[in-house]
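The next block holds one structure in the form of structure tokens; read it before the comments.
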Amino acid sequence: MTYQEKAKDLYNMINTGKLMDAFDKYYHDDVVMVEATGDKREGKSTNRQYEEKFLSSIKEFHGAGVGAITSNEEDKTTSVESWMEVTFQDGNRTKLEQVAVQQWDDEQIKHERFYYNPGN
């Protein structure tokens, strides 16, 4: 599979409710994830806790999609523009939009940086 095909599969899994399965399959044990704010999380265990906390904050999932996926196969880099619409436990319904830039180490993502409007 190309890196672009891997990214498509990753987001297909996420968008069909299999976020943690996608995380287990496609994220490296030493993954570093960087938020738009610059906050950095290191290691699969730390990032797993973050993802589980995010999922538990969601009351209802309304849909998700991908606007674009690009890749530089030579550099093992993909970029994905995506969106997700959810209602959080507090009743706030919102559409989350972001771009993720992923650096792959063979079969798994070793570094991912997110670009989005972090709001207030």
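Read the figures in this text as sums done on the coordinates, not as results from a lab. In this text, all values refer to a predicted model and were calculated from it rather than measured experimentally. Neighbour counts are summed over all protein chains in view; Cβ atoms, including those assigned to glycine, are modelled from backbone coordinates with ideal geometry.
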What is the number of the single condition among (1) under 25 Å from residue 73 (Cβ atoms); (2) within 12 Å of the chain's Cα centre (by Cα) that residue 19 does not meet? (1)
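Do we find that residue 68 is part of a strand (DSSP E or B), buried (at least 16 other Cβ atoms within 10 Å of the Cβ) and of a type outside the set (Ser, Thr, Tyr) in this structure? Step through it out loud before you land on a result.
On the way: part of a strand (DSSP E or B): yes; buried (at least 16 other Cβ atoms within 10 Å of the Cβ): no; of a type outside the set (Ser, Thr, Tyr): yes.
In short, no.
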Consider only pairs whose beta carbons are under 9 Å apart and that are at least six residues apart or on different chains; among these, list those whose first residue lies in region 23-38 and is within 12 Å of residue 13 (Cβ to Cβ) and whose second residue is among the small types (Gly, Ala, Ser) and in a helix (DSSP H, G or I). 26/7
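Please specify each residue of region 1-18 satisfying the condition of being surrounded by fewer than 17 Cβ atoms within 10 Å (Cβ to Cβ) and not in a loop (DSSP other than H, G, I, E, B).
Of the residues in region 1-18, the ones surrounded by fewer than 17 Cβ atoms within 10 Å (Cβ to Cβ) are 1-2, 4-5, 9, 12, 16-18.
Passing the criteria: 4, 5, 9, 12.
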Assuming residue 90 fulfils every condition listed in (1) surrounded by fewer than 16 Cβ atoms within 10 Å (Cβ to Cβ); (2) in a helix (DSSP H, G or I); (3) of a type in the set (D, E, K, R) apart from one, which condition is it? (2)
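What number of residues in region 29-49 are assigned to a helix (DSSP H, G or I) and loosely packed, with under 13 Cβ neighbours inside 10 Å? Give the steps one after another, and end with the answer.
The first filter runs over region 29-49 and keeps only residues assigned to a helix (DSSP H, G or I), leaving 44-49.
Within this subset, residues satisfying the condition of being loosely packed, with under 13 Cβ neighbours inside 10 Å are 45, 49.
Summing the residues that are assigned to a helix (DSSP H, G or I) and loosely packed, with under 13 Cβ neighbours inside 10 Å in region 29-49 gives 2.
If you check residue 80 against the conditions, is it in contact with a Lys or Arg (Cβ under 7 Å, 6 or more places away or on another chain) and touching a residue at least 60 places away in the same chain (Cβ under 8 Å)?
no
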Those residues of region 101-120 that are of a type in the set (D, E, K, R) and either exposed (fewer than 11 other Cβ atoms within 10 Å of the Cβ) or within 11 Å of the chain's Cα centre (by Cα) (or both) come to a total of 3
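Taking the criterion of being basic (Lys, Arg) and touching a residue at least 40 places away in the same chain (Cβ under 8 Å), would at least one residue in region 92-108 satisfy it?
Within region 92-108, the subset basic (Lys, Arg) is 93, 95.
Keeping just the survivors that are touching a residue at least 40 places away in the same chain (Cβ under 8 Å) gives none.
No: region 92-108 contains no residue that is basic (Lys, Arg) and touching a residue at least 40 places away in the same chain (Cβ under 8 Å).
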